[in-house]
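A.B. asks: My questions all concern the structure below.
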Amino acid sequence: MAAALDAGDVACLQLRLKDLADDALCRVIDVLRPEVQRRGVAFILNDRPDLAFETGCDGVHVGQQDSPYAKARAAVGPKAIVGVTCHDSRHLAMIAGESGADYVAFGAFYPTTTKQALHHPDPEILSWWSGLMEIPCVAIGGITLDNAPPLIEAGADFLAVSAGVWNHPEGATAAVKGFNRLFGEA
């Protein structure tokens, strides 16, 4: 993880461990968070605004089935990052943006093994959002070095990448360097 974070510009690391008990999750956060933050990278916890605040995370990412934006913001405070999954919905994105979300996330753009994806937006939603709003948009879902360029060209400010980094055939460091090159070329 440290080598991957040191390989290029990484905006944040989101910890997504759905099936861990709270005590175990807090122990993982206590180990990883300082290493991430020491590198100037935001440490975001998935789905758990309560634990994000308690454990000193920089913010939280919430899905539509998780804590509503207002409750998440109340839990983490005004200075923390709160991002909201909006699937393929312009309406949900507008609500999140108008409520004060720090970013909106659209996806899954491609098949993913991270979770069951019920929504598959067209990259055009990224163009629509970036042409309309200043709030950053994040593309999520099955993103690799090979399929990322259309998302960047469409206006994705950030890419949420899991297997595309951790399962890259040349390793996570090569993947981070590759994604940095793609954004540099855009």
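The values are calculated or read from the model by the stated rules, or taken from the named source; none is laboratory data. Only a predicted model underlies this, so the values are computations on that prediction, with no experimental measurement involved. Note that we place each Cβ from the backbone using ideal geometry, even for glycine, and neighbour counts take in every protein chain shown.
A.B. asks: All but one of (1) out of contact with any helix residue (DSSP H, G or I) (no Cβ under 9 Å at 6 or more places or on another chain); (2) part of a loop (DSSP other than H, G, I, E, B) hold for D66; which doesn't?
C.D. replies: The number of the failed condition is (1).
A.B. asks: How many residues, within the range 29-55, are assigned to a loop (DSSP other than H, G, I, E, B) and either of a type in the set (K, R) or touching a helix residue (DSSP H, G or I) at 6+ places or on another chain (Cβ under 6 Å) (or both)?
C.D. replies: Qualifying residue count, the range 29-55: 4.
A.B. asks: Output the residue which, of all residues in the range 97-133 that are in a loop (DSSP other than H, G, I, E, B) and more than 17 Å from the chain's Cα centre (by Cα), is farthest from L182 (Cα to Cα).
C.D. replies: L118
A.B. asks: Let me ask something additional. Would you point out which residue out of G56, G107, G40 is crowded, with 19+ Cβ neighbours inside 10 Å, at pLDDT 95 or above and at positive phi?
C.D. replies: G107
A.B. asks: Within the set of pairs 6 or more residues apart or between chains, which connect a residue that is at positive phi inside the range 143-163 to a residue that is assigned to a helix (DSSP H, G or I) and surrounded by fewer than 17 Cβ atoms within 10 Å (Cβ to Cβ) with Cβ atoms less than 6 Å apart?
C.D. replies: Every condition considered, the pairs that remain are G155/S127; G155/S130.
A.B. asks: Related question: Among (1) in contact with a strand residue (DSSP E or B) (Cβ under 9 Å, 6 or more places away or on another chain); (2) within 17 Å of L13 (Cα to Cα), which single condition is A154 missing?
C.D. replies: So A154 meets the others, but not (2).
A.B. asks: Additional query: Restricting attention to the range 74-88, does a residue exist that is farther than 22 Å from G56 by Cβ, of a type in the set (A, V, I, L, M, F, W, C) and assigned to a loop (DSSP other than H, G, I, E, B)?
C.D. replies: Quick first cut of the range 74-88, residues farther than 22 Å from G56 by Cβ only: 85-88.
This time we only want the ones that are of a type in the set (A, V, I, L, M, F, W, C), so: 86.
Going one step further and asking which of them are assigned to a loop (DSSP other than H, G, I, E, B), we end up with none.
There is no residue in the range 74-88 that is farther than 22 Å from G56 by Cβ, of a type in the set (A, V, I, L, M, F, W, C) and assigned to a loop (DSSP other than H, G, I, E, B).
A.B. asks: If a residue must be assigned to a loop (DSSP other than H, G, I, E, B), within 19 Å of T112 (Cβ to Cβ) and not polar (S, T, N, Q), how many such residues does the range 134-154 contain?
C.D. replies: Final tally of qualifying residues: 6.
A.B. asks: Restricting the search to the range 155-186, which residues are touching a Phe, Trp or Tyr at 6+ places or on another chain (Cβ under 9 Å) and either assigned to a loop (DSSP other than H, G, I, E, B) or more than 17 Å from A7 (Cα to Cα) (or both)?
C.D. replies: Hits for the range 155-186 are G155, A156, D157, V161.
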